[in-house]
């Protein structure tokens, strides 16, 4: 039987949703666990929501495998929820920037801790101290959160656009399979 024009699109949607669902679920699951262990409740909530979107992606991929075209709508919605939640989290973090708390945290690095000791040794090799890093705190902090938002827009936004533009082809393929008896 010849391959339909929408068959490769369905295969790509299934492959991407499998990879994206597992990546979202596992990565955000680890981030959620880390946030819970450090008492970062907002991060844990965001991680939990993103993890549920990853699981939603996997569940609706299975719906597509069963021939249910409605799974495409949920693949798209999951991406939009991730973008929205991450955007709100980034805005909240940027608005909550506290240079005094960051300086205190950086100044309190102990030389007997592994990371603190390594950092202090590296700085000493270049003739720097912890206080020399204070002017970099805000640009690094803001840059980090803008990278998080940019990466989310790039990857999840790209997937949302992909799912949006492929809905009709996937529906046509699944309708054709139902007509042929799968």
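None of the figures in this text is laboratory data; all of them are computed from the coordinates on show. Model, not experiment: these values are computed from the prediction. For neighbour counting, all protein chains shown are included, and Cβ atoms are generated from backbone atoms with ideal geometry for every residue, glycine included.
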Going by the structure shown, is residue 147 touching a helix residue (DSSP H, G or I) at 6+ places or on another chain (Cβ under 9 Å), part of a helix (DSSP H, G or I) and either on the phi > 0 side of the Ramachandran plot or surrounded by 11 or more Cβ atoms within 10 Å (Cβ to Cβ) (or both)? no
Identify all residues within the range 69-128 that are outside any helix (DSSP H, G or I) and either in contact with a strand residue (DSSP E or B) (Cβ under 7 Å, 6 or more places away or on another chain) or surrounded by 14 or more Cβ atoms within 10 Å (Cβ to Cβ) (or both); write none if there are none. 69, 109
Could we say that residue 15 is in contact (Cβ under 8 Å) with a residue 24 or more places away in the chain and either surrounded by 14 or more Cβ atoms within 10 Å (Cβ to Cβ) or in a helix (DSSP H, G or I) (or both) here? no
In the range 18-42, which residue that is over 12 Å from the mean Cα position of the chain (by Cα) and under 21 Å from residue 157 (Cβ atoms) is surrounded by the fewest Cβ atoms within 10 Å (Cβ to Cβ)? 19
